[in-house]
Every structure is written in structure tokens, then in C-alpha cells.
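Step one of this worksheet: look at the structure below.
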Amino acid sequence: MTDSDLWFYLNGKHVRGRDASMPLGDRGIQWGDAVYDSIRTYGGVPFRMDFRIKRFFQSMHYARITPPFTKDELREASTELLKANEPMIGPNEDISINYYVSRGTMSLTDGLTPPGTAAIIPRKINFAGFAKHYVTGAPGITPSTRRTPPQSVSPKAKISNKMNHFVAEMEAKAHNPEAYAIMLDLEGNIAESSGANFLFVSDGRIKVPNLRYVLSGADQDSLFDLANKMQIGCDEGTFTAFDLYNAQEAFVTANSIGIVPIVSVNGLPLGSGRVGPVTRRLMDGWKELVGIDFVEQGLSHLPHAERANLTEQWNNMVA
């Protein structure tokens, strides 16, 4: 069963993905003039829905788009869509639901423009695309493409035009198809990954790039709470590649992946070049937080021999 078989929400109605369509004149299609957000489920339960709905409404307000529904209506629509898709979600599968609202026209009323297309788009999470990195860690590369500065477009709003991130990601993957892009700001300081928050660990403390230059994700917010409970210190600041090269650990955190370790940057190993103890502790804590062993879930989507080998490696790690 593919995503096209799932039920989508489109302008107030449920339609199959294969039947969902948008007019070519939609401003989101033509110019990326839209906002979005996304929520994943863990074991079928949506994670931090209220946080993401609040951020989605903040993004619409920043973009001057009148919301086509209330927060309660969106929450209800999300719950109903998840329930409608339950029979099509297999064992050890989860989905993300992605909110989308485009601008209808440029006609202003009290500073806001009317909405265009409103959609909730479900997607099955492609665990096979990243699950092995839970155990092996992934490489990171700092591309030449810099993060759009807050003086141009606020990074705190989830704007559909992500060309800045896509170019950075393609640049990184041209060097290594498995790499995560670690974007810098215009001054050469660490910002974020192309689709995730990026953090690193030095002397047992989590280093957080300046939040003014990044999208503060729900997963990163939850990770701060988790670190506080574990008595792992966090320092927000301005950090350069020099600071990162001399770190012992790093990881990315995002909606679909949870926490994925980064074990090298630009070919230089971080610490031992393997998943570090602080990252492993956080990953173990994340399992308790979301109520599911997300590492085991991800590995279950890999071929048997690869899954068995990685599971053995994971179980032999000491947090």
C-alpha cells in the first residue's frame, strides 16, 4: 500500500491520495507561497500535536494568511484523518501528517490575505532511508549554500518555499549520498540541517546553535526537556566549524527521524567516530518519551541480515 492509497484532507473533504488534486494556479504551486507543518505518529499516537498546530498558526499569521479553520477544527480534522487511515497502517509503520495552506490572493483585509488550498497530507515514514544511521551514525557536510538570514525571511516560520534547504542538501549529497547538510549562517556559524535541528556535544554538554537563526522544532524542544531531566547541560551560543570539529558527538533531531547521530563532519570523525554516550542516553530517553522503541521500529524495515547485524551492534553499545 502506497501513500496514494491513504486518505487526504483537501479543503474540508477526505479524498484518496490518487484522487487529490490542486489547481495549477495555486500560489503554493507557482511560487511556494504557502506555509506548512508536520506531525508524526509513534505507535499511531501523534507527537506534540498542540505544539505544531500552534506553530502552524503562527506561520500563517507571519505570512499574512487568514486561517481557513480554527485550532480546534484543525485538531479534530487531524484526529479524524488519522483514524480514517488506521486500517492502512501496517505493523511497525507510522505516518506523518503534513499541514498545508496556500495564499488565495494578494488582496489585503486588515493586513491579512485570504487562504487558497487547505490540505492535510499523510505520508508513510520511510524508515529504510535512515534507520541504519541510528546505529552507525551519519556523516555531516557543511555546504557552501548558507541558511537564509532572519533579516530576509524568519526561520521560525515554516514557509513552503524550501529551495534554500534543498540546494544545500543536494550539495551535501553530491559529496556523500548519505550525508546530512549542516548549514552555516552568513557569518560562517553553525545554524541547522536542511530538514532538522542540529546539535553537538562538547565536554558532556549539548551545544545549541543560536536559536535566532533556526526553526525551533517540537522535537528539539522536547529534547531540551529530556536533557534537563537527565541533568545534561545545554548551552545556546554562536559556534563555528572549529567548535564542531573539536566536539565529541553530534546529532540531528526532526519530526520523522527522532534523533539520528552524526559521527563525522566534512570527513573528520567526531570523537571516536561512533555514536557517543550522551547521544545514546538521549536516544534511550527518547524511547520512553514517545512510548515506543523507535530504533527497533526503524531497523525492522531493513533486510533481515542487515537488521540482525545492526541490532547486535546497537545492543553491544554502552550508554
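How large is ³J(HN,Hα) for each residue in the stretch 271-281, as worked out from phi by the Karplus curve 6.51 cos²θ - 1.76 cosθ + 1.60 (θ = phi - 60°), to whole Hz, x for Gly and Pro?
x, 7, x, 10, 4, x, x, 5, 4, 5, 4
Place a +1 charge on the Cβ of each Lys and Arg in the stretch 1-47 and a -1 charge on the Cβ of each Asp and Glu, then give the dipole magnitude about the Cα centre in debye, rounded to the nearest 20.
The calculation lands at about 100 debye.
Taking each pair of distinct Cα atoms in the stretch 32-85 once, what is the resulting Kirkwood hydrodynamic radius in Å?
By the Kirkwood definition, the hydrodynamic radius is 11.9 Å.
Suppose every K and R has +1 on its Cβ and every D and E has -1 on its Cβ; what is the size of the dipole of the chain about the Cα centre, in Debye to the nearest 20?
400
I want the local charge near ASN92. Using Cβ-Cβ distances under 12 Å, sum +1 for each Lys or Arg and -1 for each Asp or Glu among the other residues.
The answer is -2.
Simple spin-label model, 7 Å along Cα-to-Cβ: VAL15 to ASN246 in nm?
5.7
Please give the charge dipole size of the stretch 93-173, origin at the Cα centre, charges +1 on K and R Cβ atoms and -1 on D and E Cβ atoms. Round to the nearest 20 debye.
140
What value in Å³ per residue do you get for the convex hull of the alpha-carbon atoms in the stretch 133-316?
Convex hull volume per residue, Cα atoms: 119 Å³.
Less than 13 Å Cβ to Cβ from THR41, Lys/Arg counted +1 and Asp/Glu -1: what total charge do the surrounding residues give?
Local charge sum for THR41: +3.
Given LYS54/LYS229; LYS13/LYS158; LYS54/LYS156; LYS54/LYS158; LYS132/LYS158; LYS132/LYS287, which pairs have Cα atoms separated by over 22 Å?
Exceeds cut-off: LYS54/LYS229; LYS13/LYS158; LYS132/LYS158.
When you count, for each residue, the other Cβ atoms within 10 Å and take the mean per peptide, how do 147-154, 211-218, 249-256, 23-30 rank with the highest first?
Output ranking for 147-154, 211-218, 249-256, 23-30: 249-256, 211-218, 147-154, 23-30.
What does the convex hull of the Cα atoms of the chain come to per residue, in Å³, rounded to a whole number?
Considering the Cα atoms of the chain, their hull volume per residue is 138 Å³.
Taken together, the values in this text are just the output of simple stated rules run on the coordinates, not laboratory data. All values reported here derive from a predicted model rather than from experimental measurement. Positions of Cβ are backbone-derived with ideal geometry, glycine not excepted, and every protein chain shown enters the neighbour counts.
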